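For reference, the structure is listed below as structure tokens.
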Amino acid sequence: MRVLVLNCGSSSVKFAVVDTRSGEASVSGVVEEIGLGASFKAKKGEESFKTKINAPNHSQALDYIQNFFKEVGEDRDIAAVGHRVVHGGEKFSKSVLIDSEVLKTIEENSLLAPLHNPPNLQGIAAAKKNFPELPQVAVFDTAFHQSIPNHAYLYGLPYYLYKEHKVRRYGFHGSSFRFVTKKTAELLKKSPKELCLIIAHLGNGCSAAAVKFGESADTTLGLTPLEGMVMGTRCGSIDPGIVLHLNRSLGYDFEKLNNLFNKKSGLLGLSGISSDMRILLENAENGEEGAKIAIEVFCYRAAKEIASLMPALPNLDALVFTGGIGENSEPIRKKILSHLEIFKMQVLIVPTNEELMIATDTEEVIVVP
Ligand code: ADP
């Protein structure tokens, strides 16, 4: 089945047409900087496309994508649209066909993911308009982690904040963890139900999950995608007292703190150079101190977060690296592992494919058995 996979961010639409049988994307690309002089990039086989376009909103970005599909003969036989939706809250533990009830719940969860769910909703509305005849499926980043027990998802805060305001750990990167769990099991010639894994997804966003007999038992991201590891531009776990301190002593308000923790911290903030690990590795090689320290902090903290998941598992069959950094950077993996020598374990590298996971989920949801 050919599925159009959409991942809509605040100013971008990533798209791919994935064939669930072959697992290949016949065409993929992104519209970036929606709203201000948008750009369109796509790949179809060996061919690349790149152009400036007029896309003041998600709907117009999708108009362009749809016309592009017609031009390159990719509009044929698309059976459904699969949407990456960031926050499913406690309502969704698996992917679902989008109806008005589902839309309402995604909207309610916008409060928990104000940067992510609103653009996801805009993407769904645009896709409904452009592809009215196609079923639309929501695949949630949080769904896989709904199996986490309450002793792992509750914060040490007054219980009413959970009961009345849903303040708890949710976790993200669920499609990646699910895909990698399946692939790791295939690699080890076992069923996921026989395995205990820690999967470290290291990309622009970073998190790890303890996967116990095929289900998430704990993970490092929390209520929002800020907790846990040091990431490209996000700070990871910090002493909450820092928030109070910055507010009281420097007068940082909500907007400033939000921007600081999400956009100006992590590898970018520590190095003062870039959030991109490849660029930092190059700079570190040339003796640039900021890059070196950012890499050291990143690796130590990644190791510490991986180790923090050990209590969630009865044993550990493998530590699995995935994501852009996890899959491609041997020096980073080595540095992380150097901090974990106390634990003896098998280490694997398994490339993730979130688009394929979204496409196969979409197929499963729409094909009534
Ligand atoms: P996203 O989380 O946006 O999907 P990716 O999983 O593609 O991102 O990861 C992007 C990160 O992977 C960037 O920091 C990039 O520098 C890093 N990366 C990709 N290839 C390499 C490589 N060969 N060596 C080191 N880092 C790499």
> When you scan the range 7-17, how many residues do you find that are over 15 Å from Asp75 (Cβ atoms) and crowded, with 21+ Cβ neighbours inside 10 Å?
Replying inline: 3
>> If a residue counts only when it is of a type in the set (A, V, I, L, M), which helices (runs of 4 or more DSSP H) contained entirely in the range 194-304 have at least 3 such residues?
In response: 241-250, 266-271, 277-285
>> I'm trying to understand the selection: among the residues of the range 310-333, which are out of contact with any Pro (no Cβ under 7 Å at 6 or more places or on another chain) and within 16 Å of the ligand (Cβ to nearest atom)?
In response: Val320, Phe321, Gly323, Gly324, Ile325, Gly326, Asn328, Ser329, Glu330, Pro331, Ile332, Arg333
> Out of (1) over 13 Å from Ala127 (Cα atoms); (2) at pLDDT 95 or above, the odd one out for Asn54 is which?
Replying inline: (2)
> If a residue has to be in contact with a Pro (Cβ under 8 Å, 6 or more places away or on another chain) and closer than 16 Å to Val30 by Cβ to count, how many in the range 56-112 make the cut?
Replying inline: 1
>> Every residue in the range 49-65 that is part of a strand (DSSP E or B) and open to solvent by 90 Å² or more (accessible area, probe 1.4 Å), please.
In response: Lys50, Lys52
>> Condition (residue is open to solvent by 20 Å² or more (accessible area, probe 1.4 Å), within 12 Å of the ligand (Cβ to nearest atom) and either within 21 Å of the chain's Cα centre (by Cα) or in contact (Cβ under 8 Å) with a residue 60 or more places away in the chain (or both)) applied to the range 290-302: is it met by at least one residue?
In response: no
> Which of the residues spanning the range 151-182 are free of Cβ contacts under 8 Å to residues at least 40 places away in the same chain and more than 18 Å from Gly228 (Cα to Cα)?
Replying inline: Pro158, Tyr159, Tyr160, Leu161, Tyr162, Lys163, Glu164, His165, Thr181, Lys182
>> Show the residue pairs meeting these rules: Cβ distance below 6 Å; 6+ apart or different chains; first residue within the range 120-133 and in contact (Cβ under 8 Å) with a residue 60 or more places away in the chain; second residue in a helix (DSSP H, G or I).
In response: Gln122/His58; Gly123/His58; Ala126/His58; Ala126/Ser59; Ala126/Leu62; Asn130/Leu62; Asn130/Gln66
> Looking only at the range 175-205, which residues are under 17 Å from the mean Cα position of the chain (by Cα), within 14 Å of Ile349 (Cβ to Cβ) and more than 16 Å from the ligand (Cβ to nearest atom)?
Replying inline: Ile198
> Just checking, how many residues over the range 305-316 are more than 21 Å from Glu330 (Cα to Cα) and either in a loop (DSSP other than H, G, I, E, B) or among the acidic types (Asp, Glu) (or both)?
Replying inline: 6
> Given the structure, is Ser274 within 12 Å of the ligand (Cβ to nearest atom), open to solvent by less than 30 Å² (accessible area, probe 1.4 Å), under 24 Å from Phe172 (Cα atoms) and of a type in the set (Gly, Ala, Ser)?
Replying inline: yes
>> Residue under question is Ala307, and the condition is that it be within 16 Å of the ligand (Cβ to nearest atom), open to solvent by less than 80 Å² (accessible area, probe 1.4 Å), modelled with pLDDT of 95 or more and closer than 26 Å to His151 by Cα; does it hold?
In response: no
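The values are calculated or read from the model by the stated rules, or taken from the named source; none is laboratory data. As the structure is a computational prediction, the values presented were derived from the model and not from experiment. Ideal geometry is used to build each Cβ from the backbone, glycine not excepted, and the neighbour counts take in all protein chains shown. Areas reflect the complete protein model, heavy atoms only, side chains present, ligands, DNA and RNA absent. Shrake-Rupley method; radii C 1.70, N 1.55, O 1.52, S 1.80 Å.
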